[in-house]
Amino acid sequence: MSFLQDMLAKGQSLLKFSVPVNSVVGIDIGTSAIKIVQVKRDGGKIKLETYGEIGLGTYASDKSGKVVTLAPDVIGKAVADLLREANVTTKNAVLSIQSQATLIFLLELPEVKESELATLIPNEARKYIPVPLTEVSLDWYVVPKQETYQDEGSSTDPKLMRKKNEVVVVAVRNETLAQYREISDKSGIVSRGNEIEIFSAIRSVFHREITPTMVIDYGAGTTKVSIVEYGVVRAYHVINRGSAFTSESLARTMGIDFDKAEEIKKTVGLVGGANDAKTAEAITTDTAYIISEIQTILLGYERQSHKAVTKIILCGGGAMMPGFLEKVTETFGVETIYGDPFDKAEAPQFMEQVLKKAGPEFTVAMGLALKDFV
Ligand SMILES: Nc1ncnc2c1ncn2[C@@H]1O[C@H](COP(=O)(O)OP(=O)(O)OP(=O)(O)O)[C@@H](O)[C@H]1O
Ligand SMILES: [Mg+2]
């Protein structure tokens, strides 16, 4: 089974794992923190068993919340620590692959037989991949014709369907895959597969949206922006700036330490008011950059597809900054909501508010945990 194949396809598995299990833990290895969610299948329902988070900064003898680069064995240890602390009871795990380690693109190919795609796609994909093909693992997903066809508002007559193949292609460096294998080995889990984080996020926050919907994962190190139509990723970009950057620049501007800057970012955010003009300015400048990058992606998509983005779903810890949702809503004039991944699993009623608040940060971890079940 191709490792990538099941991470494609509308955020759902193309291929189910061969041995069904009841409990799975999703492990999201972010640049600043690891997040995990364990769920179990109980009859027809999915129940939340546990969830938790651990900062990676301390594993690099640095501050919690900082973006750090760690060796696979250190990450493996951090995963093991978190699994223990969160009382995870299963070894069955699905791990995220960070977006910056991947390339995702859409190819338009002439209509050929399925068997010919295996030759055609690597040839075409070569143009998008800056390293030799021998250094990457490639996989792809042929977008079902009806979906594009419905998008285009034509009739349902199969004879009128488009005469081209649209293929979502993903490429991951073999070196990266080897690192993830080492992380799995060192953390003592049994890996049921990897998934590029964006596909997990989509599974986690989507319900029945069919019109173009933008998902923004505002993490600590990067901001992942994707536009999804009929469950298929149509546009995808990584902005090389995340929320930790704001804390760093705030600390510099204000002459305060990183921890204090993190606190100000989380409590004051974009709604600092007149008393905090300097703080507000430092935060606003960074946010303005992220927003303008998002705008470029959105306008580019709308220009090319002649379709409007109708909804924005926010996830990632950075999106929880006070005033960010309002700023996005005001800038784009589009319905903007927070992703609510925990609503995909049953949990005790009294936890509802806590889970809603924590949701954006656990979007990827929940999507990974659900991979085998939905
Ligand atoms: N309430 C909040 N307001 C502002 N920022 C917040 C809030 N809560 C968390 N953050 C920020 O969110 C970031 C962590 O988010 P997240 O866990 O999604 O990142 P990550 O997955 O480690 O990073 P990446 O996705 O870039 O690899 C940190 O920079 C943190 O300061
Ligand atoms: Mg993340």
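The values are calculated or read from the model by the stated rules, or taken from the named source; none is laboratory data. Source: prediction; values computed, not measured. Glycine gets a Cβ as well: all are built from the backbone with ideal geometry, and neighbour counts include every protein chain shown.
Report yes if some residue within segment 177-185 is within 19 Å of Lys371 (Cα to Cα), over 13 Å from the mean Cα position of the chain (by Cα), of a type in the set (Ser, Thr, Tyr) and within 16 Å of ligand 2 (Cβ to nearest atom); otherwise report no.
Scanning segment 177-185 turns up at least one residue that is within 19 Å of Lys371 (Cα to Cα), over 13 Å from the mean Cα position of the chain (by Cα), of a type in the set (Ser, Thr, Tyr) and within 16 Å of ligand 2 (Cβ to nearest atom).
Which is farther than 30 Å from Val190 by Cα, modelled with pLDDT under 90, surrounded by 13 or more Cβ atoms within 10 Å (Cβ to Cβ) and not small (Gly, Ala, Ser), of Asp157, Asp151, Asp139?
Numbers: Asp157 fails: surrounded by 13 or more Cβ atoms within 10 Å (Cβ to Cβ); Asp139 fails: farther than 30 Å from Val190 by Cα.
When all the criteria are applied, what remains is Asp151.
Every residue in segment 204-227 that is at pLDDT 95 or above and more than 15 Å from ligand 2 (Cβ to nearest atom), please.
Matches in segment 204-227: Pro212, Thr213, Met214, Ile227.
Quick test for you: out of Ile202, Ile216, Ile198, pick the one residue that is away from ligand 1 (no atom under 12 Å from the Cβ), surrounded by 23 or more Cβ atoms within 10 Å (Cβ to Cβ), under 11 Å from the mean Cα position of the chain (by Cα) and of a type in the set (Val, Ile, Thr). Full working, then the answer.
Working: Ile216 fails: away from ligand 1 (no atom under 12 Å from the Cβ); Ile198 fails: away from ligand 1 (no atom under 12 Å from the Cβ).
Among Ile202, Ile216, Ile198, only Ile202 is away from ligand 1 (no atom under 12 Å from the Cβ), surrounded by 23 or more Cβ atoms within 10 Å (Cβ to Cβ), under 11 Å from the mean Cα position of the chain (by Cα) and of a type in the set (Val, Ile, Thr).
Within segment 305-319, which residues are under 20 Å from the mean Cα position of the chain (by Cα) and away from ligand 1 (no atom under 16 Å from the Cβ)? Walk me through it before giving the result.
Initially, segment 305-319 is screened for residues under 20 Å from the mean Cα position of the chain (by Cα), giving 309-319.
If the condition is that a residue be under 20 Å from the mean Cα position of the chain (by Cα) and away from ligand 1 (no atom under 16 Å from the Cβ), then Val309, Thr310, Lys311, Ile312 are the ones that fit.
Tell me whether segment 236-244 contains one or more residues that are surrounded by fewer than 16 Cβ atoms within 10 Å (Cβ to Cβ), under 27 Å from Ile34 (Cβ atoms) and within 16 Å of ligand 2 (Cβ to nearest atom).
Pass one, segment 236-244, residues surrounded by fewer than 16 Cβ atoms within 10 Å (Cβ to Cβ): 240.
Keeping just the survivors that are under 27 Å from Ile34 (Cβ atoms) gives 240.
Going one step further and asking which of them are within 16 Å of ligand 2 (Cβ to nearest atom), we end up with 240.
Yes, that holds for at least one residue.
Which condition from (1) surrounded by 14 or more Cβ atoms within 10 Å (Cβ to Cβ); (2) modelled with pLDDT under 90 is the one that Tyr289 breaks?
So the condition that Tyr289 fails would be (2).
Within segment 100-150, how many residues turn out to be farther than 16 Å from Ala178 by Cα, in contact (Cβ under 8 Å) with a residue 12 or more places away in the chain and outside any loop (DSSP other than H, G, I, E, B)?
Counting residues in segment 100-150 that are farther than 16 Å from Ala178 by Cα, in contact (Cβ under 8 Å) with a residue 12 or more places away in the chain and outside any loop (DSSP other than H, G, I, E, B) gives 25.
How many of the residues making up segment 320-346 are more than 13 Å from ligand 1 (Cβ to nearest atom), touching a helix residue (DSSP H, G or I) at 6+ places or on another chain (Cβ under 6 Å) and of a type in the set (A, V, I, L, M, F, W, C)?
Going through segment 320-346 one residue at a time, the tally reaches 1.
Which of the residues belonging to segment 258-274 are farther than 16 Å from Glu361 by Cβ and in contact (Cβ under 8 Å) with a residue 40 or more places away in the chain?
Hits for segment 258-274 are Phe258, Asp259, Thr267, Val268, Leu270, Val271.
Can you find a residue that is under 16 Å from Met320 (Cβ atoms), out of contact with any His (no Cβ under 7 Å at 6 or more places or on another chain) and within 16 Å of ligand 2 (Cβ to nearest atom) anywhere in segment 275-292?
yes
For segment 330-374, how many residues are at pLDDT below 95 and within 16 Å of Ser96 (Cα to Cα)?
So the answer is 2.
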